Structure formats: structure tokens, C-alpha cells
Amino acid sequence: MILPHAAQPAPPARPTLRVLIRPVLLLVAFVGFAAVLGRLPGLRHMLTAGPALHSGVEGVVIFILAASVFCAFGLPRQAVCFAAGAAYGIGAGCVLATLATVTGCLCGYGWGMWAGRPRMPARLVATMARLDGFVRHEPFASVLTLRLMPVGSALLLNLASGMLGVRVMPFMLATLLGSLPQTVVFVLVGSGIRLQGPWRIGVATVLFALSALVGLWLMRRVRMRRPDMARVSR
């Protein structure tokens, strides 16, 4: 029997490339920013020649603390990765940006565990309810998938994971693996200030595209298995 048009179930939402418009614009903006800064007189010398404000153990500790707080409040961690690449280069920049990302996400996770739904605003509680089934049922896969998606709110995912009782080790590992591709991308772009090289932008663009497509593919598979994820994005 064919159901009337009004009674037919709506097809599951499919992630499309349209969700990548904002992340792509963000990447383009940082690439342009790096190109402009790289041409400022003396800036590259200041970043590569020591001693400087960011160099030494004290400078590294200050950077990690400041960047962790930045990420804990859900501000764009791409800026942290860009700054880490500009100040410390590719290798050290990736390590420091990853450390700050995981630490900041753990702060939001802990806040979610402590606060719980009774202390959350009603609008936030409604959003958490949409995440509930997915995150609670597949904690590692959900955090990994939503980290790979270059859209949405990282702070919201941190709070939801803590609030819904996701174990800390799967949360940390999924955060580390899921955030790593974008970390490398924006550290590469930031490191272009220290040492010019068109290959950096090319590699960053390819990595960004790959991580975004993998995230979209994973999200589509998850939505096919769990229709309750049709309106959830990171």
C-alpha cells in the first residue's frame, strides 16, 4: 500500500559538500593571512631567530596554557594550529597544537560531567538530546566522526560527551585521531610564514579535502544506520 504524500517518511538527510563552504573559506582566509604576514619585514626573522617571546621552556608552557584555554572555550582551534605552525614549525607545531586541542577538549568534557543537564540552558539541553542516542550508543565512532567533520561546535561535542558519560580514554583517543588532519593542515599553512614553499599550501589543501571527505563518508554511513543523527553535526 502506498502511503499518502503527507504520511510518507522523509528520506534520511545526506551530508553534502555544501557544509564545507565555511571551512573552505576559513582555509582560504588563513592561506591569505599567511601570505601577507610572510611579506612583513622582519617577521620571519623574528620567528626563526632566537631568543624570542615564544622560544624556551617558559614560552612553550605559556603557549600551551593560552592555547588550551582558547580551545576550552570552543574558539576556532584552527587559529591555535596556525599560530603553532608560525611560531614553532611543522613538527613541534603539530605536537603543541595537538596537546592544546586535547587539553582544551578535556576541559569541556569535565565541565559537561560536572554540570550535567540540570545546569544547562534549555536550548543546549535540546541539542544534547539529539546527540544522546548516537554518542551514548557509539561513543568512539561518534566523537571520531564528528571531529573529522570540519563544521559545527567542538565545545558542544565536548560537553555532550561528558554529560552522556562517554569514557575518558575513548574520548581522548577519538579527539586525537579526529582532530589530527585539520591540525596538520593549519600548522602547515602557519609554518609558511617561517619558510615560504608553495608545496605547503598544496599539501594542506589535499589533506583538508581528504579529511573532509572521510568525515562526510563516515557521517553518511552513521546516518544510514541511525536516523536520529539526521540533524546532528559537530
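A simple spin-label model places pseudo-atoms 7 Å from Cα toward Cβ; at LEU65 and ILE21 they are separated by 4.2 nm. For segment 159-175, the residues whose backbone nitrogen is under 16 Å from a point 7 Å from the Cα of VAL214, taken along Cα to Cβ, are 173-175.
Rounded to the nearest whole Hz, the Karplus-based 3J(HN,Hα) values (6.51 cos²θ - 1.76 cosθ + 1.60, θ = phi - 60°) of segment 164-169 follow the sequence 8, x, 5, 5, 5, 5, with x at glycine and proline. Across segment 80-93, coupling constants 3J(HN,Hα) worked out from phi with the 6.51/-1.76/1.60 Karplus curve, θ = phi - 60°, read 5, 5, 4, 5, 5, x, 5, 8, 10, x, 6, x, 5, x Hz, and Gly and Pro carry x. Approximating the spin labels as points 7 Å out from Cα along Cα→Cβ, the ARG167-to-MET113 distance works out to 1.3 nm.
Laboratory data are not the source of any read-out in this text; all were calculated from the coordinates shown. Everything numeric in this text was worked out from a predicted model, so none of it was measured. Neighbour counts run over all protein chains shown; Cβ positions are idealised from the backbone, glycine included.
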